[in-house]
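S.K.: Structure below; questions to follow.
The values are calculated or read from the model by the stated rules, or taken from the named source; none is laboratory data. Since we're looking at a predicted model, the values are computed, not measured. Note that we place each Cβ from the backbone using ideal geometry, even for glycine, and neighbour counts take in every protein chain shown.
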Amino acid sequence: MTQKCPITVAKGDGIGPEIMDATLHILNSAGAQIEPEFIDIGEKVYLAGNSAGISASSWESLRRTKVFLKAPITTPQGGGFKSLNVTTRKALGLYANVRPCTSYDPFIPSKQPKMDLVIIRENEEDLYAGIEHQQTPEVVQCLKLITRPGCEKIVRYGFEYAMRNKRKKVTCMTKDNIMKMTDGLFHKVFDEISAEYPDLEKEHWIIDIGMAKIADSPQEFDVIIMPNLYGDIASDVAAQITGSVGLAGSANIGEECSMFEAIHGSAPRRAGQNVANPSGLLLGSVLMLQHINQNEIASLVHNAWLRTLEDGVYTYDIAKGKASVGTKEFAEEVVKRLGQKPNTLKAVDYTGAPSQTMKKYERKITNINRELQGADVFIYYVGETNALGQKLEALAGPEFKLGMISNRGAKVYPNGLPETFCTDHWRCRFLGANGKTTHADIRNLLSRIESAGLEWIKLEGLYLFDGQRAYSLGQGE
Ligand code: NAD
């Protein structure tokens, strides 16, 4: 007898308690060796004054069991409440979001009957770092942070996932034709790591056409690795194409802890009526069983669920007006089929799959030679472009040369076009006269700018990294 694995369980809000009870009933009937430890998260905790929606004792449980099965929660309307999902992912370092998207046609009609792909989404960085500022009355900004450790962790996870799950092809999607440095790094790391997996086919698509291909011919994809924002959008589109978002489960994997859930929300209007579909959370729990190496039980539960669908037993959301069963009854039908396999749909077999544990990421300290060449000084200014340009040329002094001014990325000085629309937010590029500069010279330049009555709002250093330009050129520069 396997030792029972302690897991932290949150029943959540809305339909959460009903679908969690149904899921746990199926898992227990299948003989899952789990020992749930229940915690309260979500609406109740938020409304009790905890703006994060989770208490200190719940964190303690999560850090001890390291496995979290979570039902959806309701984030109360209004400001001040932090998204518990984002908090949990970041605080526990859950860097990989894994979303299998499979069609169950003809039992659940789908426009894409042959779809069977897995989206591996980077979960912690990109625009979701949530670093936003209003800089001028007209301009707000959100920082897109892409890091080498972040890219290496997610890309390696994707390749290891493909190997473990006997997938054949790994696709990367980015927008590196535009964001050459951020998405470019993601793509570069993908190319570097992919060389270590000669048995897998690999490819890269620009996200816009890649996304269109997912919608049009998903059968051509297998495992897809994406930065956070693209992955968020693509995984909902892909899940919807399978027939319903109510069917998909997802895993959030970290080096220490992991969280398993349905991808849908708490559907408050359906709460307390015994109508919700527990399938998304159940499939999330199948991912959890694989994670804790209970592969036989994972196969048993997944196959019984597939057989239940084949036998035409549906909750209201899938039945679409035909006869349907309630949440509890659906769970009971799955339990009745434990030990059976689907006839038409492909049965799963997770037994013999290698352990899901990833090696810890080891940071490599590299000595890169950094040379400061100049600075982009962002200035809040309302007025005529050439007047600003001439003023800044004079302020540059002998230490600097004003390379250009751009507005929203497009070069407007010198020799800008009168047609280019300009806001009140100007990026002014100062380059050291001898091809390099110092922080002291930049501070003096900022003082001169201030003394001239101009307001600088932010500064970015312009560096060479090992002799290579480490900043983008302005459009038209
Ligand atoms: P939702 O996913 O709860 O509902 C969207 C639609 O799908 C509704 O019509 C709903 O009735 C239906 N639906 C969803 N899950 C279903 C299921 N299992 N069975 C049958 N029908 C189902 O999305 P929403 O209405 O935008 O959000 C409701 C709440 O959920 C919000 O407070 C939101 O913040 C929260 N939410 C939580 C999570 C999470 O905890 N992971 C994710 C998304 C949304």
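S.K.: Is there a residue in the stretch 41-60 that is part of a helix (DSSP H, G or I), surrounded by 22 or more Cβ atoms within 10 Å (Cβ to Cβ) and hydrophobic (A, V, I, L, M, F, W, C)?
M.R.: The answer is no, given that none of the residues of the stretch 41-60 is part of a helix (DSSP H, G or I), surrounded by 22 or more Cβ atoms within 10 Å (Cβ to Cβ) and hydrophobic (A, V, I, L, M, F, W, C).
S.K.: Looking at P17, P100, which is the one that is at pLDDT 90 or above, in the same structural domain as N277 (by TED's automatic domain parsing) and within 15 Å of the ligand (Cβ to nearest atom)?
M.R.: P17
S.K.: Just to verify a result, which residue in the stretch 213-237, among those that are of a type in the set (G, A, S) and under 24 Å from I146 (Cα atoms), is modelled with the lowest pLDDT?
M.R.: Taking the stretch 213-237 as the starting set, the residues that turn out to be of a type in the set (G, A, S) are 215, 217, 231, 234-235.
Narrowing further to those that are under 24 Å from I146 (Cα atoms): 231, 234-235.
On the way: G231: 96, A234: 95, S235: 91.
Result: S235.
S.K.: Among the residues that make up the stretch 71-78, is at least one of them out of contact with any strand residue (DSSP E or B) (no Cβ under 8 Å at 6 or more places or on another chain), over 27 Å from E256 (Cα atoms) and more than 15 Å from the ligand (Cβ to nearest atom)?
M.R.: No: the stretch 71-78 contains no residue that is out of contact with any strand residue (DSSP E or B) (no Cβ under 8 Å at 6 or more places or on another chain), over 27 Å from E256 (Cα atoms) and more than 15 Å from the ligand (Cβ to nearest atom).
S.K.: Let me ask another. Among (1) surrounded by fewer than 24 Cβ atoms within 10 Å (Cβ to Cβ); (2) within 15 Å of A331 (Cβ to Cβ), where does I19 come up short?
M.R.: Only one criterion is unmet by I19, namely (1).
S.K.: With the stretch 107-196 as the region, which strands (runs of 3 or more DSSP E) entirely inside it contain at least 2 residues that are touching a strand residue (DSSP E or B) at 6+ places or on another chain (Cβ under 9 Å) and touching a residue at least 60 places away in the same chain (Cβ under 8 Å)?
M.R.: Working: elements: 116-122, 132-136, 139-142, 169-174.
So the answer is 116-122, 132-136.
S.K.: When you go through (1) on the phi > 0 side of the Ramachandran plot; (2) in contact with a strand residue (DSSP E or B) (Cβ under 6 Å, 6 or more places away or on another chain) one by one for G397, which number turns out not to apply?
M.R.: Result: G397 fails condition (2) only.
S.K.: Among the residues in the stretch 198-209, are any of a type in the set (D, E, K, R), in the same structural domain as F159 (by TED's automatic domain parsing) and touching a residue at least 40 places away in the same chain (Cβ under 8 Å)?
M.R.: Filtering the stretch 198-209 for residues of a type in the set (D, E, K, R) gives 199, 201-203, 208.
Checking which are in the same structural domain as F159 (by TED's automatic domain parsing) leaves us with 199, 201-203, 208.
With touching a residue at least 40 places away in the same chain (Cβ under 8 Å) added as a condition, the list becomes none.
Scanning the stretch 198-209, I find no residue that is of a type in the set (D, E, K, R), in the same structural domain as F159 (by TED's automatic domain parsing) and touching a residue at least 40 places away in the same chain (Cβ under 8 Å), so the answer is no.
S.K.: Let me ask something else about it. Could you run through the stretch 297-323 and say how many residues are out of contact with any Phe, Trp or Tyr (no Cβ under 6 Å at 6 or more places or on another chain) and closer than 25 Å to G254 by Cβ?
M.R.: At the first step, the residues of the stretch 297-323 found to be out of contact with any Phe, Trp or Tyr (no Cβ under 6 Å at 6 or more places or on another chain) are 297, 300-308, 311-314, 316-323.
Those left that are additionally closer than 25 Å to G254 by Cβ: 297, 301-302.
Looking only at that region, the number is 3.
S.K.: While we're on this one: Which one is modelled with the lowest pLDDT, of the residues in the stretch 20-51 that are of a type in the set (G, A, S) and within 14 Å of the ligand (Cβ to nearest atom)?
M.R.: Step by step, filter the stretch 20-51, then rank; the result is G42.
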